[in-house]
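Take a look at the structure below.
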Amino acid sequence: QVQLVESGGGLVQAGGSLRLSCTASGKIFTISAMGWYRQVPGKQRELVARITSSGSTNYADSVKGRFAISGDNAKNTVYLQMNSLNPEDTAVYYCTAENRMIATIYWGQGTQVTVSS
């Protein structure tokens with residue numbers, strides 16, 4: 001119903017920046033919010049940032065002031081600008097899209113972000 005395509009992951013040195021992009025396709029009209037999660041081995045998947053279709057945002061405390069989420073409704077795309085990266089940010093980052101009507105979250109395949117010290 002909804003497909004998510006992510007891009008922008010890669011390897012970066014500590015202190016550097018990356019911008020992740022996620023474009024949704026399919027039943028776009030059902031999406032009420034999009035966001036980014038991340039997961040590292042041995043830990044639970046963590047919500048990093050989220051943005052609603054109306055523009056409201058929220059962030060994990062660990063990334064406030066460093067990361068910024070934004071969206072382009074016309075392009076069905078959400079971005080995650082990541083600045084001042086540190087090795088603790090190393091994780092697989094997953095794009096999500098929410099459909100509140102059926103209580104469903106759609107997941108992208110994930111993109112690896114590796115921050116070297």
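A few notes on this one:
Here's the yes/no breakdown for (1) farther than 21 Å from Ser116 by Cβ; (2) open to solvent by 20 Å² or more (accessible area, probe 1.4 Å):
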{"site": "Ala14", "(1), (2)": "no, yes"}
{"site": "Cys22", "(1), (2)": "yes, no"}
{"site": "Ser25", "(1), (2)": "yes, yes"}
{"site": "Gly42", "(1), (2)": "no, yes"}
{"site": "Arg45", "(1), (2)": "yes, yes"}
{"site": "Thr77", "(1), (2)": "yes, no"}
{"site": "Ala91", "(1), (2)": "no, no"}
{"site": "Thr96", "(1), (2)": "yes, no"}
{"site": "Asn99", "(1), (2)": "yes, no"}
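Matching residues to (1) of a type in the set (Val, Ile, Thr); (2) touching a Leu at 6+ places or on another chain (Cβ under 8 Å); (3) closer than 28 Å to Gln1 by Cβ:
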{"position": "Val48", "(1), (2), (3)": "yes, yes, yes"}
{"position": "Asn73", "(1), (2), (3)": "no, no, yes"}
{"position": "Asn86", "(1), (2), (3)": "no, no, no"}
{"position": "Thr90", "(1), (2), (3)": "yes, no, no"}
{"position": "Thr104", "(1), (2), (3)": "yes, no, yes"}
{"position": "Gly108", "(1), (2), (3)": "no, yes, yes"}
{"position": "Thr114", "(1), (2), (3)": "yes, yes, no"}
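For (1) at negative phi; (2) modelled with pLDDT under 95; (3) of a type outside the set (Phe, Trp, Tyr), each residue gets a yes or a no:
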site	(1), (2), (3)
Thr30	yes, yes, yes
Met34	yes, no, yes
Pro41	yes, yes, yes
Ile69	yes, no, yes
Asn76	no, yes, yes
Met82	yes, no, yes
Leu85	yes, no, yes
Tyr106	yes, no, no
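- Residue in region 101-117 that is surrounded by the fewest Cβ atoms within 10 Å (Cβ to Cβ), counting only those that are hydrophobic (A, V, I, L, M, F, W, C) and within 14 Å of Trp36 (Cα to Cα): Trp107
- Boolean, Ser54 is polar (S, T, N, Q), closer than 20 Å to Asn99 by Cβ and either modelled with pLDDT of 95 or more or over 15 Å from the mean Cα position of the chain (by Cα) (or both): yes
- Contact map, region 1-21: first residue farther than 11 Å from Leu80 by Cα and modelled with pLDDT of 95 or more, second residue open to solvent by 30 Å² or more (accessible area, probe 1.4 Å) and acidic (Asp, Glu), Cβ cut-off under 8 Å, separation 6 or more or different chains; the map is empty.
- Lone qualifier among Tyr59, Tyr37 - being in contact with a Ser or Thr (Cβ under 9 Å, 6 or more places away or on another chain), among the aromatic types (Phe, Trp, Tyr) and open to solvent by 40 Å² or more (accessible area, probe 1.4 Å): Tyr37
The values are calculated or read from the model by the stated rules, or taken from the named source; none is laboratory data. The shown structure was predicted, so the numbers you read here are calculated from the model rather than taken from an experiment. FYI the Cβ positions are ideal-geometry reconstructions off the backbone, even for glycines, and counts take in every protein chain you see. Please note that ligands, DNA and RNA were not included when accessible areas were found on the heavy atoms of the full protein model with its side chains. Shrake-Rupley method; radii C 1.70, N 1.55, O 1.52, S 1.80 Å.
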